[in-house]
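Comments concern the structure below.
Just so you know, all these numbers are worked out from the coordinates, no wet-lab data involved. Source: prediction; values computed, not measured. Neighbour counts are summed over all protein chains in view; Cβ atoms, including those assigned to glycine, are modelled from backbone coordinates with ideal geometry.
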Amino acid sequence: QVQLVESGGGLVQPGGSLRLSCAASGFTLDYYMIGWFRQAPGKEREGVSCISSANKNTYYVDSVRGRFTISRDNAKNTAYLQMNSLQPDDTAVYYCATALTSYSDYECRLIQHEYDRWGQGTQVTVSL
């Protein structure tokens, strides 16, 4: 059974940090582009960050660039999103997802329909 499971969410104060994990089972992450997405209440799901498969090229949406870091550990079949300097606007359910495209070996994009496999999400709340 193929599965992506996010963990590491929780309640954090503004300025704090969290590290989200995305553990894959039933398949290997090695060949897939990995994306992190988030959905706040009443808003559409938006892309946050992604990382390509072979060369581990990364991309960040403007609102998180410089604060978040995406990484992958293929030996652990797990991807991560390190989130620093968290702000209330970062409050959302965070999802990881995987995609295989013509370009995903060397670059990544946050084009949601290209991602075929999604986790269940983990809640991140940034509040006093």
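With labels modelled as points extended 7 Å from the Cα through the Cβ direction, what inter-label distance (nm, one decimal) is found for ASP116 paired with ALA75?
2.9 nm
For the chain, what is the charge dipole size about the Cα centre, in debye to the nearest 20, if Lys and Arg each add +1 at the Cβ and Asp and Glu each add -1 at the Cβ?
Here the chain has a charge dipole of around 220 debye.
Lys/Arg Cβ at +1, Asp/Glu Cβ at -1, dipole of the chain taken about the Cα centre: which of VAL12, THR58, ASN74 is farthest positive-ward?
VAL12
Roughly speaking, what % of Cα-Cα pairs in the chain are separated by over 25 Å, rounded to a whole number?
Beyond 25 Å sits 17 percent of the P(r) for the chain.
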